[in-house]
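A short write-up of the structure that comes next.
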Amino acid sequence: MYSRAEKSKIRKGFWTAFGQYMKPVPSETGVRVNWSNYKTGVKHIFFRMKAELDFASIGIEINHADEELQQLFFEQFLEFKKILHAELNEEWDWELHHVEESGKIVSRIQKTIPKVNIMDQNDWSKIISFLKPRIIALDGFWANMKPAFEEL
């Protein structure tokens, strides 16, 4: 069992390693990007990557406090679903109005890989291999589709 400080250090080490691994990769627009903390530039839309004790995931999160506006953003993504899945070369899971443990309501589009553990350095390459092509694909999608969301 790890202490809170040890868990924090291992997590920080993973995300630092991921950031270093991704550092030479330019964004679709040619600009340097902080891949670990990708900024979409559109309020209430986030690209989230998680690495936990039993899974890793990547996704789009819409967290507007107004559920109707959140749904509007979600529906806009649905309009581009075929384009998104073509860019990703796979289908993702779509969930409107998911209630998080904190009680916050978000909508998300995500892909998860089970049975990987951020605390096990032997799994880091699997997690990075899962996240890397998907965040690059999301960036490619976003480079073309962002204007449609800026107007909402």
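Please treat every number below as a calculation from the coordinates, not as lab data. Owing to the predicted nature of the structure, the values given are computational and were not obtained by experimental measurement. Ideal geometry is used to build each Cβ from the backbone, glycine not excepted, and the neighbour counts take in all protein chains shown.
For the stretch 69-82, what does the Karplus curve 6.51 cos²θ - 1.76 cosθ + 1.60, with θ = phi - 60°, yield as ³J(HN,Hα) per residue in whole Hz, taken in order and with x for Gly and Pro?
5, 4, 5, 4, 4, 4, 5, 5, 4, 4, 4, 9, 4, 5
Take the alpha carbon atoms of the stretch 111-152, find their center, do the same for the stretch 57-109, and report the distance between the two centers in whole angstrom.
14
Once amide H atoms are built 1.01 Å from N in the peptide plane, which residues 5 or more positions from VAL33, or in another chain, come under 5 Å H to H?
Amide H to amide H, under 5 Å and 5 or more residues apart or across chains, VAL33 pairs with SER27.
Give the lysines whose C-alpha is closer than 30 Å to that of LYS81, dropping any in the same chain fewer than 8 places away, or say none.
Partners within reach: LYS23, LYS39, LYS43, LYS50, LYS104, LYS111, LYS115, LYS126, LYS132, LYS146.
Might you report the magnitude of the Cβ-based charge dipole of the chain about its Cα centre, with Lys and Arg at +1 and Asp and Glu at -1, to the nearest 20 debye? Present the calculation step by step, with values, prior to reporting the outcome.
Working: 21 positive and 22 negative charges, 186 e Å.
Rounded to the nearest 20 debye, it is 900 debye.
Length gain on complete extension for the stretch GLU151 to GLU101, per 0.36 nm per residue less the alpha carbon to alpha carbon distance? Each step should come with its number before you reach the end.
Values: separation 50, 0.36 × 50 = 18.00 nm, distance 3.08 nm.
Contour length minus Cα-Cα distance gives 14.9 nm.
Find, among the trypsin sites (Lys or Arg not before Pro) in the stretch 25-115, those assigned to loop by DSSP (not H, G, I, E, B) with at most 14 other beta-carbon atoms within 10 angstrom.
Values: sites: ARG32, LYS39, LYS43, ARG48, LYS50, LYS81, LYS82, LYS104, ARG108, LYS111, LYS115; in loops: ARG32, LYS39, LYS43, LYS104, LYS115.
For trypsin sites (Lys or Arg not before Pro) across the stretch 25-115 that sit outside H, G, I, E and B with at most 14 neighbouring Cβ atoms in 10 Å, the list reads ARG32, LYS39, LYS43, LYS104, LYS115.
Run lengths n ≥ 4 of DSSP H only: what is the helix-derived mean residue ellipticity at 222 nm for the chain, with -39500 (n - 2.57) per run over all residues, to the nearest 500?
Values: 4 runs with 67 residues, N = 152.
Taken over the chain, the calculation gives -14500 deg cm²/dmol.
Which option, [x] 1.07; [y] 1.38; [z] 1.18, is the value of Cα Rg over 2.2 N^0.38 Å that was calculated from these coordinates?
[x]
Spin-label point model (7 Å from Cα, Cβ direction): what's the ARG4 to LYS43 distance in nm?
Modelled inter-label distance: 3.3 nm.
Please identify the longest segment of the chain free of exposed GluC sites (Glu not before Pro), where exposed means a DSSP state other than H, G, I, E or B and no more than 14 other Cβ atoms within 10 Å.
The answer is 1-51.
Taking θ = phi - 60°, what integer Hz values does the Karplus form 6.51 cos²θ - 1.76 cosθ + 1.60 yield along the stretch 135-141, in sequence order, with x for Gly and Pro?
3J(HN,Hα) across the stretch 135-141, in whole Hz: 5, 5, 5, 4, 4, x, 4.
Report ³J(HN,Hα) in whole Hz for each residue of the stretch 20-28, in order, from the Karplus equation J = 6.51 cos²θ - 1.76 cosθ + 1.60 where θ = phi - 60°; Gly and Pro get x.
Those phi angles translate into 5, 5, 8, 3, x, 7, x, 6, 4 Hz.
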